[in-house]
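Working notes for the structure below.
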Amino acid sequence: MATLYRPRVVRRARDETPSRGARIGPTDARSHKPSGARSGGIDTETEENEGPKTFVEVDTGVVGGAAGSAYVKVNGTRVLCSVRGPRAIKKSSDFGDEGALDCTVRLAPFALYGEAAGPTSSRNVETRRIKREQMLSGALLRAIKGSIRLDRFPKSVLEIDALVLSDDGAAPAVIPSCASLAIADSGVEMRDLVACAQVGVSDAAGKGVPSFISSPTLAQQAACSSVMTMALLPASETISDLTIKGTVSHSLAGETSKRCFEGCITLHRQMREHLVAKAEQAFADLEGEEQ
Amino acid sequence: MSATVARVGDVVVPGSLLCVAAQTEVAKAEAGAGAYVDGRGAVLASVVGKLVVSEPKGEPARKIFSVQTASRKPKVVPVVGSTVTCNVTKVTPRFALLDIVCVGVESVPGSGFRGMVRKENVRSFEIDRVEMHNSFRPGDVVRAKVVSLGTARSYELSTADKDLGVIAAMGEANEPLIPISFEEMKCPVTGVIEKRKVAKQDSFATLDK
C-alpha cells in the first residue's frame with residue numbers, strides 16, 4: 001500500500017528556517033552533531049541531566065506528489081511521512097458519517113542495520129519486519145486518530161504513509177509526530193497536533209538510583225529496564241497513546257510519564273515553530289506575488 | 001501547551017487557542033472556517049494559517065474566529081447538500097453513474113468520488129415518465145446535488161431542480177451541443193435535436209429554434 005515517492009528537489013530557504021534542525025532536551029553533542037549544511041541548529045542546553053541528548057530535525061513539504069508531507073529525525077531515527085486524500089473509500093468497512101484513516105508504516109529495507117537487524121541469513125527477517133510494520137501502523141492509528149476532525153470528511157479516507165528510513169529505536173514516537181506534521185501540512189482540519197516522546201528507565205546499576213534517558217537509542221534501550229512511549233495532544237494535554245515496554249515499578253511510572261510529557265511539550269514547541277515559520281514564509285511569498 | 005491566546009494576524013497551528021470562552025454574557029464567539037469549539041467552550045484553530053476575526057454586520061457582540069490558510073486549497077469532500085459537478089460514465093434504464101470532479105468550486109482530482117442519479121431523482125415532476133437515456137448520456141457534464149451519502153460505492157445525487165442537470169454535452173457529431181430548452185439540446189452543425197435533462201441557463205441560446 002505504501003508508496004515510495006520519487007525524490008524531488010525541494011526549494012528551501014537556507015539559513016532562514018530556524019526550526020529545520022534543532023536540539024532539544026538534554027543534549028549530547030557527541031554522537032549527533034549537526035553538520036554545517038544543516039544550518040539553524042539550536043542548542044538548548046537544559047536540565048541538570050547529563051544523560052544522552054536528543055537531536056531533533058523537522059521539515060515539511062518534502063514529498064512532491066503528496067497533499068502533505070513531513071520528515072522528522074530524532075537521533076538516529078528518520079521518518080518520512082506523506083498524506084494523500086481525503087479520497088473515496090475503497091473498503092465498505094470504511095463507510096460512515098466520519099472519515100477513515102488508512103495508516104501504513106513501512107520500514108525501508110535498510111532501516112535496521114548492524115546488530116539491530118539481527119542475523120541477515122535468518123528466514124524470519126521478512127516476517128519480523130512485517131510484524132513490526134503492522135505494530136507501528138496500529139500504534140500510528142491509535143496515536144493520531146483523536147487529533148483529526150474526522151467528522152469533516154464523511155465517507156472518505158485519508159491515506160497516511162510513513163516510511164522509516166532508519167530505525168534507531170525511536171520509531172514508535174517519531175512516526176506519529178511526523179504524521180501529525182504531514183497532516184497539518186496538507187491542510188486537513190485537525191483538533192490538535194500530536195507530539196510523541198520516549199523515555200527509557202535504566203535501573204541496571206542496581207543501586208536503587210534510576211536514571212532516565214530521553215529518546216534512547218536501540219543500544220540504550222537494550223540497557224533499559226523499560227521504555228515508555230507517550231503520544232500527547234498538547235492543547236488539551238490529552239494522552240492519545242501510552243505504551244510501556246518492559247517492566248517499571250509503580251513508583252517510577254509517574255516520574256517517567258512526567259519526563260515523557262516534558263519531551264512531548266518540547267517537541268510540540270519545535271513542531272509549532274516550524275509550521276509557523278513555514279506559514280509565514282508562504283504568506284510572505286503570497287504577498288510578493290500580489291505586488 | 002502554553003495557554004496564550006492568539007491575536008489577530010498571528011500564524012496559528014492546529015490546537016492553538018483563539019478565544020478562551022466562546023459564550024460569555026457580553027460576547028458570542030463562534031468558530032468559522034479552520035476553527036472549532038472544544039468541549040470546554042474555547043475556540044481553537046484546526047489548520048495552519050492566520051487568525052482572522054470578523055463581526056457580522058449589526059451584531060457587534062458576535063465574533064467569528066476563522067483561520068485563513070496561506071496557499072493550499074481547502075480540503076473538500078462531498079457532504080449532504082453540496083453541489084457537485086460530474087462526468088456521466090454509465091447510463092442504464094434505472095440510473096446513471098457519474099464521476100464527481102468538483103465539489104462546489106473546488107476540483108477534487110484523483111479522489112475517485114462516484115455518484116449515482118436514480119431515475120426518480122432526475123426531475124421533480126412526472127418522475128414516473130422519466131427516461132434515463134433521454135436525460136443523460138455518457139460523457140455529459142452534469143451539475144447535481146448530494147442528497148445522501150448513498151452506499152459505500154457511490155453518493156446519491158439528484159438533479160431535481162431547474163438549476164441542476166446537464167451543463168455541457170457533446171452530440172452524435174462530436175460537436176458541443178447548444179441548450180435550447182429544459183429538455184432539449186441542439187447540434188450547431190447538423191441541427192439534430194437531442195434530449196437531455198438540461199440545467200437552467202442564463203438564456204437558452206436559440207429558444208425560438
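Relative to its residue count, region B:83-195 spans a Cα convex hull of 103 Å³ per residue. Shape verdict for region B:11-68, please, from the Cα gyration tensor: rounded (a/c under 1.5), prolate (a/b greater than b/c) or oblate. Oblate is the answer for region B:11-68, as a/c is 1.5 or above yet b/c matches or exceeds a/b. For residue A:245, the lysines whose Cα falls under 26 Å of its own Cα, not counting residues fewer than eight places away in the same chain, are A:53, A:73, A:131, A:145, A:207, A:258.
Below 8 Å, C-alpha to C-alpha, sequence gap of six or more: please give me the relative contact order for region A:53-95 in percent.
Values: 59 pairs, mean separation 12.7, N = 43.
Dividing the mean separation by the residue count of region A:53-95 yields 30 percent.
Charged side chains reduced to their Cβ positions (Lys and Arg at +1, Asp and Glu at -1) give region B:1-131 a dipole of some 240 debye around its Cα centre. When only the Cβ of Lys, Arg, Asp and Glu is charged (+1, +1, -1, -1), the dipole of region A:228-280 relative to its Cα centre reaches about 100 debye. The residue A:286 and residue B:57 beta-carbon pair, evaluated with R₀ = 30 Å, returns a calculated FRET efficiency of approximately 0.65.
How large is the Rg to Rh ratio of chain B when both quantities use alpha carbon positions and Rh follows Kirkwood?
Working: Rg = 22.8 Å, Rh = 19.9 Å.
Rounded to two decimals, Rg/Rh equals 1.15.
Would you please name the chymotrypsin sites (Phe, Trp or Tyr not before Pro) within region B:94-191 that are DSSP coil residues with at most 14 other C-beta atoms within 10 Å of their C-beta? List each step's numbers first, then the result.
Values: sites: B:95, B:113, B:125, B:136, B:155, B:182; in loops: B:113, B:125, B:136, B:182.
Within region B:94-191, the qualifying chymotrypsin sites (Phe, Trp or Tyr not before Pro) (loop, at most 14 other Cβ atoms within 10 Å) are B:125.
Mind giving me the nanometre distance, one decimal, between the label points for residue A:209 and residue A:145, set 7 Å out from Cα along Cα→Cβ? About 4.4 nm, to one decimal. Taking 25 Å as the straight-line reach from the Cα of residue B:162, the lysines in range (excluding those fewer than 8 positions away in the same chain) are B:90, B:119, B:145, B:186, B:195, B:197, B:200, B:209.
Coordinate-derived values only; no laboratory data. Since the model is a prediction, treat every value here as computed from it, not as a measurement. FYI the Cβ positions are ideal-geometry reconstructions off the backbone, even for glycines, and counts take in every protein chain you see.
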